[in-house]
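To keep things clear, I will list the structure first and then write my remarks on it.
None of the figures in this text is laboratory data; all of them are computed from the coordinates on show. Note that the coordinates shown come from a computational prediction; the quantities given were computed from them, not determined experimentally. Cβ: placed from backbone, ideal geometry, glycine included. Neighbour counts: every protein chain shown.
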Amino acid sequence: MKRKTILVACGTAVATSTVVASAIEEAMQERGISIILRQCKATELPSLAADADVIVSTTPVPDGLGKPVIKGLPFLTGIGKAATLDQIEAALRD
Amino acid sequence: MTETITGLADLLDRRALLPGLAAVSQSDVITALGRKLEMIGKVHGSYVGAVLSREGTMPTGLPLDAIHVAIPHTDPIHVISPAVAVATLNTPVTFASMEDPDEWLPVRVVFLLALNDKHRQLAMLQQIAALIQDGPRLTRIVDAPDVDTLWHELAA
């Protein structure tokens with residue numbers, strides 16, 4: 001599988017997306033999937049989405065990004081985390 | 001020299017812990033905590049206003065199983081050095097959900113984050129994530145009657 005890029009977004013690109021990116025990196029490594037991770041602010045998504053395969057965001061994102069968008073809050077709250085990882089893996093394998 | 005990994009305990013200051021804060025709005029809580037961080041020299045005078053305005057457009061409430069939490073923060077430009085201020089609320093204050101700004105959550109614990117370096121503060125952020133996922137520990141935090149008890153529960 002070609003190495004794919006996950007763009008992780010939050011409000012400031014400093015706090016929650018850092019936790020989410022680190023959790024995704026660890027989990028995908030465990031699943032044997034090699035990925036490239038980038039972090040950004042949700043407001044930067046329209047200009048950065050083109051270079052990403054999957055977007056994971058803890059905040060609402062603008063419409064029309066043209067890429068699958070997956071909710072990242074489960075990495076903070078723990079609620080629904082396994083299902084979210086499956087969703088990310090499925091989107092990466094698409 | 002090895003780089004120190006900064007954890008939650010390193011970023012807490014007893015002067016910025018407010019157990020049982022009586023507050024009626026999210027702006028009360030953010031202002032009370034933010035002024036403490038300002039007083040101990042962790043943030044600039046612009047910090048509180050910046051957090052308040054960001055909370056209005058990009059809220060930070062986190063829906064959990066029983067006790068909801070909020071983690072207000074803002075851009076690093078307003079921060080002098082990293083710190084975390086914490087308030088617990090006997091009467092919940094509403095914050096909008098980070099994921100859905102139209103969903104309002106009654107929040108009992110507020111972690112006000114002053115962050116300036118995502119790589120060095122990752123450990124602290126992971127500790128907060130682990131802590132809020134630990135229901136019994138979160139209950140002990142909400143129930144902490146004084147600063148010392150709250151400090152011990154947070155720094156454990």
Sequence-separation-based contact order of chain A, relative, with Cα cut under 8 Å and 6+ spacing, percent: 31
Residue-count net charge about B:M39 - beta-carbon cut-off 13 Å; Lys, Arg +1, Asp, Glu -1: +3
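What trypsin sites (Lys or Arg not before Pro) in the stretch A:22-53 are in a loop by DSSP, with at most 15 other Cβ atoms within 10 Å of the Cβ?
A:R31
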Fewest-first sequence of B:M98, B:M124, A:M28 by Cβ atoms within 10 Å of each Cβ: A:M28, B:M124, B:M98
Electrostatic dipole magnitude of the protein assembly as shown [Cβ: Lys, Arg +1; Asp, Glu -1; Cα centre; debye, to 20]: 340
Pairs beyond 19 Å (Cα-Cα), from B:K42/B:K118; A:K4/A:K81; A:K4/A:K67; A:K2/A:K81; A:K41/B:K42: A:K4/A:K81; A:K2/A:K81; A:K41/B:K42
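When a/c is below 1.5 the answer is rounded, else prolate if a/b is larger than b/c, else oblate, so apply that to chain B with a ≥ b ≥ c taken from the square roots of the Cα gyration tensor eigenvalues.
Since a/c stays below 1.5, the shape of chain B is classed as rounded.
Taking 8 Å as the Cα distance limit and 6 or more residues as the minimum spacing, I'd like the relative contact order of the stretch B:48-156 as a percentage. Don't skip to the end; give the middle numbers.
Details: 167 pairs, mean separation 29.3, N = 109.
Over the stretch B:48-156, the number comes to 27 percent.
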Simple Cβ-charge dipole of chain B, Lys/Arg +1 and Asp/Glu -1, about Cα centre, in debye nearest 20: 400
222 nm mean residue ellipticity, helices alone, for the protein assembly as shown (DSSP H n ≥ 4; -39,500 (n - 2.57); rounded to 500): -11000 deg cm²/dmol
Residue exposure sequence - B:I132, A:I70, B:I40 - by fewest surrounding Cβ within 10 Å: B:I40, A:I70, B:I132
Value of Rg to Rh for the protein assembly as shown (Rh from inverse mean 1/r over Cα pairs, i.e. Kirkwood): 0.97
Column: log10 I(q)/I(0), Debye, Cα scatterers of the stretch A:8-93, q = 0.22 Å⁻¹: -1.07
Mean projected area in nm² (Cα convex hull; one quarter of hull surface) for the stretch B:21-106: 5.4
Residue (of B:P19, B:L112, B:N90) at the positive-pole extreme of the protein assembly as shown, dipole from beta-carbon charges: B:L112
Size of charge dipole - the stretch B:68-156 - debye, nearest 20, with Cβ of Lys, Arg +1 and Asp, Glu -1, no other charges: 240
Radius 10 Å from Cβ of B:G20, net charge of other residues (Lys, Arg +1; Asp, Glu -1): -2
